[in-house]
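The values are calculated or read from the model by the stated rules, or taken from the named source; none is laboratory data. On a predicted model such as this, the values are computed, not experimentally measured, just so you know. Cβ coordinates were reconstructed from backbone atoms using ideal geometry, including for glycine residues, and neighbour counts include every protein chain displayed.
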Amino acid sequence: MSRRLPPWLTPPRPKRPELARLGRELEDMGVHTVCQSARCPNLGECFGRGRATFMILGDVCTRNCRFCAVSHGRPAYVDPKEPQRVAAAAARLALDHVVITSVTRDDLPDGGAHQFAATVDAVRELLPKVGVEVLVPDFGGSAEALELLMAACPDVLNHNVETAPRLYPQVRAGADYLRSLELLARARRMAPAGMLKSGFMVGLGESQEEVLGLLRDLCDTRADAVTIGQYLQPTKGHLEVHRYVEPEEFSRYESAARQMGFSHVLSGPLVRSSYHAAELAKARSSATTASPGDGAPIGPIGSR
């Protein structure tokens, strides 16, 4: 199909000086961001606001999902000093909500869970008042790896299902839809009061009924936040966009999600997993504090 973007998919023009400055700072600090590696369309907006999503465990993924611009191949060794660099970068950027994601590391016995936990701990040690969100891979389905991460008590646990199960072989070979749902359900059982979040893309060839099916399945895991955004082809070597979803359809998905019981929904063409993550987490915290529902204590994922 045509590569011409419709008007609703044109992001704000980035402020080049600010973009370049933050890019240089991150490089000097020796940290990776998924914003840069995945060619996020919101890079200019987020960098312009001094926000970034850190990507740990290097910048080379062991999987080759055809929607993702992150490099794949043989990853480097796990750097034990990386958690401290991420914490230092978060402090230098004066972040009040730190989002940590990673490449997938199927080469590691724990899938990188220990490095996630160490990074959460490092951020908390340096910045004890900030919120910490983790956007995790599936850890190969390891319950032990998830438990290791959860013991570090991130405030938000996010894991994306990405697309409808029918499209997994074409979109994210190596992943398993049911495995992702089980990770979310397991995380909820471990932390009944924590914020559980997931997300997916549209425009890959899914039907509207499949989108509603994704929402129902995520609702069944007791996730309370969901993000829905438009897939954009990062390079000619990646999957082509099947169609551009109009804003009105995103609005219908948001309404459907809220009717199903999701308390926090971001649905729009340029929405991504960590887009406005701080605002979403704060909204959830405020709403839960004001109306605690079943009386469960409000706190981070996991138990201290």
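Take the conditions modelled with pLDDT under 95 and out of contact with any helix residue (DSSP H, G or I) (no Cβ under 9 Å at 6 or more places or on another chain) and apply them to Pro297. Does it pass?
yes
Tally time: how many residues in the stretch 74-97 are under 29 Å from Lys129 (Cβ atoms) and either in a helix (DSSP H, G or I) or at pLDDT below 90 (or both)?
Counting residues in the stretch 74-97 that are under 29 Å from Lys129 (Cβ atoms) and either in a helix (DSSP H, G or I) or at pLDDT below 90 (or both) gives 16.
If we keep just the residues of the stretch 19-67 that are aliphatic (A, V, I, L, M) and at pLDDT 75 or above, which is surrounded by the fewest Cβ atoms within 10 Å (Cβ to Cβ)?
Taking the candidates together, the pick is Met29.
Quick check on Leu218: is it within 15 Å of Met260 (Cα to Cα), surrounded by fewer than 18 Cβ atoms within 10 Å (Cβ to Cβ), modelled with pLDDT of 95 or more and aliphatic (A, V, I, L, M)?
Judged against the criteria, Leu218 is not a match.
Counting only residues that are assigned to a loop (DSSP other than H, G, I, E, B) and either among the hydroxyl-bearing types (Ser, Thr, Tyr) or modelled with pLDDT of 95 or more (or both), which one in the stretch 176-204 is surrounded by the most Cβ atoms within 10 Å (Cβ to Cβ)?
Result: Leu204.
Working only within the stretch 98-120, note down all residues that are of a type in the set (A, V, I, L, M) and modelled with pLDDT of 95 or more.
Selection gives Leu108, Ala113, Ala117, Ala118, Val120.
Please go through the stretch 205-232 and give me each residue that is within 18 Å of the chain's Cα centre (by Cα) and in a loop (DSSP other than H, G, I, E, B), ordered by number.
Hits for the stretch 205-232 are Thr221, Arg222, Ala223, Asp224, Tyr231, Leu232.
Starting from residues that are buried (at least 21 other Cβ atoms within 10 Å of the Cβ) and hydroxyl-bearing (Ser, Thr, Tyr), keep the ones in the stretch 222-241 and report whichever is nearest to Gln170 (Cα to Cα).
Tyr231
What are the residues in the stretch 141-172 that are among the aliphatic types (A, V, I, L, M), part of a helix (DSSP H, G or I) and under 25 Å from Leu204 (Cβ atoms), if any?
The answer is Leu167, Val171.
Looking at the stretch 59-110, which of its residues are under 17 Å from Arg172 (Cα atoms) and without any contact (Cβ under 8 Å) to a residue 40 or more places away in the chain?
Listed by number, the residues that qualify are Val70, Ser71, His72, Gly73.
I need the full set of residues from the stretch 242-256 which are out of contact with any Ser or Thr (no Cβ under 7 Å at 6 or more places or on another chain) and surrounded by 20 or more Cβ atoms within 10 Å (Cβ to Cβ), in order please.
Val245
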